[in-house]
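This report refers to the structure that appears directly beneath it.
No lab work stands behind these numbers, since they all come straight from the coordinates. Everything numeric in this text was worked out from a predicted model, so none of it was measured. Here the Cβ positions follow ideal geometry from the backbone for every residue, glycine too, while neighbour counts run over all protein chains shown.
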């Protein structure tokens with residue numbers, strides 16, 4: 001039976017990953033400090049004999065024997081990661097160093113969750129994995145953007161110089177149940193504003209676009225990626241002209257403006273009394289971001305399957321039951 | 001008497017800084033692990049009652065009471081920083097965290113040495129402090145470029161969230177005595193090839209340009225910067241429309257092609273038997289980089305004074321005496 005460690009295991013994506021790997025029969029250890037992760041996300045897993053919860057901060061070294069490590073620990077919404085920027089950067093940078101040290105010791109395979117934020121406010125659309133990004137070093141988002149870039153560099157150097165089997169994904173906007181209600185992300189904000197009858201707040205003119213991936217699609221992509229043996233993964237990447245550490249964009253390329261998203265959510269909650277209102281754009285907010293997922297399509301034969309409507313319905317249902 | 005700590009104090013710039021601050025009457029503690037720093041650079045300072053040498057690695061916490069900390073520790077030539085990329089990134093990232101922790105505890109003023117490498121292979125010329133850069137996350141230079149970007153982000157967040165008096169400089173190519181003979185930097189390479197009669201190796205067609213600053217100009221810029229009181233520094237920066245942590249480019253804007261540099265060095269060593277030969281360009285080598293120093297000119301009333309010829313003559317003299 002495969003033993004896996006999931007850092008950030010009580011977070012939004014970590015809790016889905018934990019549940020999914022338990023269903024596949026893995027022994028799952030979930031590490032979380034509940035800084036942004038939430039006990040309710042894993043309450044149904046406590047008591048499962050294959051599940052162990054370890055309350056611990058990823059910035060402090062940890063030990064154990066694992067076949068695979070999924071490094072998902074880091075505050076990921078701008079509201080959360082800007083609350084304590086130094087803590088955010090440390091989670092990312094010291095976290096990956098602790099993961100790499102443990103993986104080196106036990107020769108574990110590593111999945112590192114990076115982010116589309118490493119592209120910053122991109123000057124190329126859509127973004128392929130080859131794009132170097134356009135990131136402000138000194139802005140309010142830098143603690144996240146730069147520390148996630150640094151973590152990728154560490155992954156790359158451990159891959160090339162210690163021969164570790166490290167696989168990086170760059171996650172684009174993802175949503176679904178277990179997303180925090182008050183984390184400031186646009187979909188949870190809009191749904192909760194619509195459910196409570198508060199005004200839905202758009203920043204700027206609402207014409208900036210985003211692309212949203214439902215969490216189940218992401219989990220399927222991760223599973224496909226981690227399921228490939230290293231030799232064939234590297235061969236497939238080479239065939240696509242990618243000679244670097246494995247890095248895949250995972251996201252949904254369907255673009256929608258923030259304004260259309262708000263309207264769609266109001267359509268799905270027909271009894272809402274909310275109006276749409278407009279506010280100033282925050283500093284360094286990217287105007288546009290959309291993944292080019294050609295590489296993931298070719299390597300994993302993967303495509304997002306769940307439509308925005310279907311995902312929104314499931315998420316709205318989750319928040320209706322939330323108390 | 002002011003007490004200062006210089007990390008990387010036995011390195012090229014650190015040794016000049018140590019000597020200069022001792023001349024100003026400061027008590028200098030020089031911290032170095034001799035990974036790329038060199039004992040001969042500070043051999044004349046040992047025995048000076050105001051000088052203390054601390055053999056220590058900047059990635060491991062250290063203590064002491066200092067009024068000012070000059071954080072100059074990090075392998076800085078591509079040959080050195082690529083030798084052990086993980087060590088390089090750790091020097092930069094864990095180094096700044098240790099400096100920031102100590103500075104927070106003792107309320108020390110910090111000078112952090114960043115680099116023009118944070119601009120990567122720039123798409124704007126010349127580079128002002130406002131330029132966000134064009135950096136490859138996954139290349140052979142990333143351990144340096146990304147970790148120096150990350151260190152600046154930490155500086156910015158300690159400045160904004162802990163109220164630390166942190167001042168960042170972005171050092172462009174600098175040369176002079178005490179530069180390591182075998183560190184792979186272009187000026188030391190060319191001079192030593194010319195002195196020994198080996199062929200002078202150009203990478204690419206030699207038409208890529210660089211700008212070179214003599215080390216005394218850099219030290220003068222640092223002294224001017226650290227000499228300003230925090231209130232007037234911040235006011236001057238605001239007057240220039242810079243509302244961020246203090247960051248100044250320090251470099252010499254005179255551009256020269258690598259080929260002209262080689263020819264100039266051969267002119268200054270007329271008895272050299274060296275020929276100029278051409279080789280392939282290394283990966284991600286920036287094609288062009290030149291500082292915009294308007295901000296430093298306005299804030300510090302500073303300008304590089306030493307011509308390339310004069311600096312080269314002093315450096316050639318240093319290497320002639322080197323054994």
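Sort A:159, B:190 so that the residue with the fewest other Cβ atoms within 10 Å of its own Cβ comes first and the one with the most comes last.
A:159, B:190
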Calculated over the stretch A:251-323: convex hull of Cα atoms, volume per residue (Å³): 144 Å³
At 222 nm, what value in deg cm²/dmol follows for the protein assembly as shown if DSSP H runs of at least 4 each add -39500 (n - 2.57) and the sum is divided by all its residues, to the nearest 500? -12000 deg cm²/dmol
P(r) of the stretch B:181-323 over all Cα-Cα pairs, binned every 10 Å from zero, in whole percent: 11, 34, 29, 17, 8, 1
With angles folded into 0 to 90 degrees, how steeply does helix A:230-239 sit against the dominant principal axis of chain A? Use alpha carbons for both and round to 10. 60 degrees
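Please rank B:32, B:157, fewest neighbouring Cβ atoms within 10 Å first, as an exposure proxy.
B:157, B:32
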Considering the rotational relationship between chains A and B, which residue of chain A contributes the beta-carbon of minimal distance to the axis, and what is that distance to the nearest Å? A:150, 2
Dividing the Cα convex hull volume of the stretch B:45-102 by residue count, how many Å³ per residue is that? 102 Å³
The protein assembly as shown, Rg to Rh (Cα coordinates; Rh as Kirkwood inverse mean 1/r): 1.00
Normalised by the empirical 2.2 N^0.38 Å for globular proteins, what value does the Cα Rg of the stretch B:1-56 take? 0.96
Mind telling me which of A:282, A:61, A:291 comes out most flexible in a GNM of chain A, alpha-carbon contacts under 10 Å? A:282
What average number of partner chain Cβ atoms lie no more than 10 Å from the Cβ of the residues making up A:138-150? 6
If every alpha-carbon in the stretch A:1-129 counts as one equal scatterer, what log10 I(q)/I(0) does Debye give at q = 0.12, 0.14, 0.16 1/Å? -0.46, -0.61, -0.78
Could you work out the Rg to Rh ratio of chain A, with Rh taken as the Kirkwood radius (inverse of the mean 1/r over all Cα pairs)? 0.95
Placing a label point 7 Å from Cα toward Cβ, how far apart in nm is residue B:104 from its equivalents in the other copies, listed shortest first to one decimal? 2.6
Cα-based Rg / Dmax (Å) for the stretch A:68-160: 13.5, 40
List A:129, B:309, B:321 from most exposed to least, where exposure is judged by having the fewest other Cβ atoms within 10 Å. B:321, B:309, A:129
Give the separation of the Cα centroids, the stretch B:18-86 to the stretch B:199-277, in Å. 22 Å
For residue B:61, go 7 angstrom from Cα along the Cα-to-Cβ vector, then report the distances to that same point in the other copies in nm, smallest first. 1.4
Among A:78, A:92, A:43, residue whose mean-square fluctuation peaks in a GNM of chain A (springs only between Cα atoms under 10 Å): A:43
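With 24 Å as the cut-off, how large is the P(r) tail for the stretch A:139-236, expressed as percent of Cα-Cα pairs?
44 percent
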Between copies, how far apart are the residue B:207 label points? List them in nm, one decimal, shortest first, with each point 7 Å from Cα toward Cβ, please? 4.2
Grab every C-alpha pair in the stretch A:200-239, bin the distances at 10 angstrom width from 0 up to the longest one, and report whole percents. 22, 27, 24, 15, 12
Most mobile of A:130, A:167, A:19 in a GNM of chain A (Cα contacts under 10 Å): A:130
